[in-house]
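One structure below.
The values are calculated or read from the model by the stated rules, or taken from the named source; none is laboratory data. Model, not experiment: these values are computed from the prediction. Glycine gets a Cβ as well: all are built from the backbone with ideal geometry, and neighbour counts include every protein chain shown. When the accessible area is computed, the model is the full protein with side chains, heavy atoms only, and any ligands, DNA or RNA have been set aside. Shrake-Rupley method; radii C 1.70, N 1.55, O 1.52, S 1.80 Å.
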Amino acid sequence: GDLDAAIHLFEDVFGFTVISRAPRDPAIISRVIGVPGVEVEIAYMRSGSGATVELLSYRAPDGVKTFLPRACDLGSLHLGFNVDDIDAALDKAAGHGVEPMGAVVVIDAGPNKGSRIAYLRSHEGLVLELIQAPNNGAGRRQA
């Protein structure tokens, strides 16, 4: 809903920069997504490592709904990010109104053993996963 706020979140928490931002042709986007009367502005952002994220803000049609599924519900999506300091990322995210969905947990088995992980959600429903590799930073929010 608020493209400026989303851009600021990705800049501040994950170090992305805007590489392109513009509205798109409503007729083309309507055909692509199968919804008539769509108006959208899209921002492309890139991280220092070269990862790219596309953020979309729909201005039309009326009646756009917030989608707040549980992480385990079919159709739920999230973006995952490796972070050097999960506590610092959580603090920055909180400053943008993005709050944990559950606890910060230390993974006890598998390929990510020893990593700290958290899922967060924005008030608009964006779900983000943060994972900090073992031996990065000090843990204060463990469950």
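General observations
- Protein accessible area in the chain, 1.4 Å probe - carbon and sulfur %: 53 percent
- Here the gap between His8 and Asn135, fully extended at 0.36 nm per residue and compared with their Cα-Cα distance, gives a gain of 42.9 nm.
- Three-way shape label, the chain, alpha-carbon gyration tensor, a/c 1.5: prolate
- In loop segments of the stretch 81-122 as defined by DSSP, the trypsin sites (Lys or Arg not before Pro) with at most 11 further C-beta atoms inside 10 Å of their C-beta are Lys113.
- In the chain, helical runs assigned H by DSSP with n ≥ 4 each contribute -39500 (n - 2.57); averaged across all residues and rounded to the nearest 500, the mean residue ellipticity at 222 nm is -6000 deg cm²/dmol.
- The chain - percent relative contact order, Cα under 8 Å, separation 6 or more: 19 percent
- For the chain, the per residue solvent-accessible surface stands at 60 Å², with DNA, RNA and ligands left out and a 1.4 Å probe.
- Taking label positions 7 Å along the Cα-Cβ direction at both Ile33 and Ser76, the computed distance is 2.2 nm, reported to one decimal.
- Only the Cβ atoms of Lys and Arg (+1) and of Asp and Glu (-1) were treated as charged; on that basis the dipole of the stretch 16-120 about its Cα centre amounts to roughly 240 debye.
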